[in-house]
């Protein structure tokens, strides 16, 4: 078993039209997804949550308010899972609500 | 705390309005869309975080902290804060607006902000249909899709309508503030009227979605109650409107079948009437009975209260005769302050119950509501026992003009009964 980090990115589109109903459904989706991984005994930890705001320090001492204003996806947060290989970890990433929202999940092996 | 999905929806819905109001009060209504975006982003982060980590002990407080951070970040990042907001606020020299600390989510500020938002949204500069849409969105936190469903419209149309309404708020420079003493009398009427329309939108809704209908009515009731928490807006007519809404809402469970069909008043199972809401209604009706203004809400609440009394429970002193005598008198008064076809028709029905078909018919025949199926329904009802041919003609006219399948079915039954 190896550990893999699943990093999810949410698209930075306009969410202002999302209704309370959809929000409620979204909480459920995240719950179901994480529960599913947990039930298989594959969840290592739920990781920290990142706020969407922040700053980015670039070479030459340039500080910007983050890349999220320039690229289309915002790095949301991450969880760490157990899997035999990258293939299995990728399977676990299926069903992540970020994907339904038009975002993506990046799967990266974690070294000791 | 166990947050089932239904309460989570309510939480998002209620907090939407609170957070948008607080942010808009601090920075001004021109930032109302920014405030909506901030709330949506906050909710999105909540969905992700709560889904993974579990729902926090105090979800509302969690939302306030995140919304506050996002607000401060947004205004700093866009430099709007330094360049525009601060100079403007400094020139106002308003010491209350201690805005560098960010939005204040204390209970009292939330209440003040919501109340001021009510007056802003129910501002006569906005067209009435847009007002209801804006109230549903900003004051009640409904989603655009739900509002579109209620108006049997689509998201784009509703979005455009809300956009124009918000633009109007900006262009007319509507402020988040309580009206002055001398403006209050007029402005409160507008607020009450919007709440009344909101309630009607739910009660006589065009949508088939029962949950949505009930939600609209409960939200209207909630907004009414919010007005009673402030001395300036806790007026007799505010209480009368609340009483009216309680009486009508008490029949919610009795007037619909599981299959979503409406059950007309006469056929309702009285045991399903909500006794608590009726008690509440009587309580607010009593509170409304002072001062020297007799509003349409007073009269309508009194009429509605009669309809909440179960005929079986009439005592010797309280007969059906007294009920209709009183209702007729109330309609006589109502017609003087609120002249409308439906009031006229209802009054004639009351007249029929008090004085019989002939008196009612002589008044009904004077009217000429060519396209109103209630009018022909009433005529049919009045002719029923004296001229079955005329009754049939009128019921048939009503049938051809009726708007819903249920109404048509009901009229068909009446026609069949004529034999």
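The values are calculated or read from the model by the stated rules, or taken from the named source; none is laboratory data. The model shown is predicted, which means the values in this text are computed figures rather than measured ones. Every residue, glycine among them, receives a Cβ derived from its backbone with ideal geometry; neighbour counts consider all protein chains shown.
Residues in segment A:39-61 that are within 13 Å of chain B (Cβ to nearest Cβ) and more than 18 Å from residue A:2 (Cβ to Cβ): A:46, A:48, A:49, A:50, A:51, A:52, A:53, A:54, A:55, A:56.
Here is a yes/no grid of residues against (1) in contact (Cβ under 8 Å) with a residue 40 or more places away in the chain; (2) surrounded by fewer than 22 Cβ atoms within 10 Å (Cβ to Cβ); (3) away from chain A (no Cβ under 11 Å); (4) over 22 Å from residue B:121 (Cβ atoms):
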| position | (1), (2), (3), (4) |
| --- | --- |
| B:24 | yes, no, yes, no |
| B:28 | yes, yes, yes, no |
| B:33 | yes, yes, no, no |
| B:37 | no, yes, no, no |
| B:43 | no, no, no, no |
| B:47 | no, no, no, yes |
| B:54 | no, yes, no, yes |
| B:59 | yes, yes, no, yes |
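Of all residues in segment B:95-108, none are assigned to a helix (DSSP H, G or I), within 14 Å of another protein chain (Cβ to nearest Cβ) and either modelled with pLDDT of 80 or more or over 32 Å from the mean Cα position of the chain (by Cα) (or both). Picking from residues in segment B:308-320 that are loosely packed, with under 14 Cβ neighbours inside 10 Å and touching a helix residue (DSSP H, G or I) at 6+ places or on another chain (Cβ under 8 Å), the one that is modelled with the highest pLDDT is B:320. Scanning segment B:145-155 for residues that are under 17 Å from the mean Cα position of the chain (by Cα) and under 19 Å from residue B:15 (Cβ atoms), we see that the one that is farthest from the other protein chains (Cβ to nearest Cβ) is B:147. Number of residues in segment B:387-417 that are closer than 18 Å to residue B:364 by Cβ and in a loop (DSSP other than H, G, I, E, B): the value is 1. For segment B:4-19, the count of residues that are more than 10 Å from chain A (Cβ to nearest Cβ) and outside any helix (DSSP H, G or I) is zero. Screening residue B:336 against (1) touching a helix residue (DSSP H, G or I) at 6+ places or on another chain (Cβ under 9 Å); (2) assigned to a helix (DSSP H, G or I); (3) surrounded by fewer than 15 Cβ atoms within 10 Å (Cβ to Cβ); (4) at pLDDT 90 or above leaves a single unmet condition, (1).
Does residue A:6 meet the test of being at pLDDT 90 or above, touching a helix residue (DSSP H, G or I) at 6+ places or on another chain (Cβ under 8 Å) and either more than 11 Å from chain B (Cβ to nearest Cβ) or not in a loop (DSSP other than H, G, I, E, B) (or both)?
Working: at pLDDT 90 or above: yes; touching a helix residue (DSSP H, G or I) at 6+ places or on another chain (Cβ under 8 Å): yes; either more than 11 Å from chain B (Cβ to nearest Cβ) or not in a loop (DSSP other than H, G, I, E, B) (or both): yes.
Yes; evaluated as a whole, the condition is true for this residue.
Condition check for residue A:77 on (1) more than 10 Å from chain B (Cβ to nearest Cβ); (2) at negative phi; (3) touching a strand residue (DSSP E or B) at 6+ places or on another chain (Cβ under 9 Å); (4) at pLDDT 75 or above: one failure, at (1).
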